[in-house]
1. Calculate the spin-label point distance for Glu120 paired with Asn100, positioning each point 7 Å from the Cα along the beta-carbon direction, and give it in nanometres.
2. For the pairs Lys67/Lys132; Lys67/Lys101; Lys96/Lys154; Lys67/Lys97, flag any whose C-alpha to C-alpha distance is greater than 32 Å.
3. Can you give the accessible area of Ile150 in Å² (nearest 10), computed on protein heavy atoms with a 1.4 Å probe?
4. Place a +1 charge on the Cβ of each Lys and Arg in region 88-152 and a -1 charge on the Cβ of each Asp and Glu, then give the dipole magnitude about the Cα centre in debye, rounded to the nearest 20.
5. Once fully extended, how much extra length lies between Ser93 and His112, figured as 0.36 nm per residue of separation less the alpha-carbon to alpha-carbon distance?
6. Write down the Å³ per residue value for the convex hull defined by the alpha carbon atoms of region 103-154.
7. Assigning unit charges at the beta carbon (Lys, Arg +1; Asp, Glu -1) and nothing else, what dipole magnitude in debye, to the nearest 20, does region 52-124 show about its Cα centre?
Amino acid sequence: MVTDDMVWQFDGWRLEGWIDGFARAGSCRGAECAFTAVASPARAAKDPRQGGEGGPGSGTAVIARPKTQVRHPNMYRVLLLNDDYTPMDFVVSVLKKYFNKGPEEATRIMLHVHQHGVGECGIYTYEIAETKVTQVMDHARKHQHPLQCIMEKK
Ligand code: TYC
């Protein structure tokens, strides 16, 4: 059992246990943290307040350090849709201009869309995907082509 006199704050850590015996990290300030506990022998004497082997007062010090949690952003596919009117070379130019494709890959993607109805231009984080969709749609509208560009969550 952890009582109030066993808990103290240290640089954002909540530490539980006797200062000369056993310390266990219970929380961390700020961003999400996980803990990696590293045990090392401290002193042999038993804490008179705890008694017994192991656990608080056993003479084992546990040093915990925060482990950074890797958080992956949601990713979005940007897709082109086929239609009967947008010229093939316009679609190829869109793939080169907005998706940094070379002439061969741009042609391959355009033909895939032409034959299958839909094709992937790239995978991006939300804001980049949204920007690409807006840029392509504005560009197509400006040139009076019905080309459709959409995004979908991966
Ligand atoms: N199907 C169009 C044509 O025959 C070409 C095209 C390809 C249009 C891909 C849109 O996303 C597209 N001219």
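The values are calculated or read from the model by the stated rules, or taken from the named source; none is laboratory data. None of these values were measured; they are calculated from a predicted model. As a convention, Cβ positions derive from the backbone with ideal geometry for all residues, glycine included, and neighbour counts pool all protein chains shown. The accessibility values were calculated without ligands, DNA or RNA, using every heavy atom of the protein model including side chains. Shrake-Rupley method; radii C 1.70, N 1.55, O 1.52, S 1.80 Å.
1. About 1.7 nm separates the two model spin labels.
2. Too far apart for the 32 Å limit: Lys67/Lys132; Lys67/Lys101; Lys67/Lys97.
3. Number for this one is 60 Å².
4. 220
5. Gain on stretching Ser93 to His112: 5.3 nm.
6. Considering the Cα atoms of region 103-154, their hull volume per residue is 89 Å³.
7. 400
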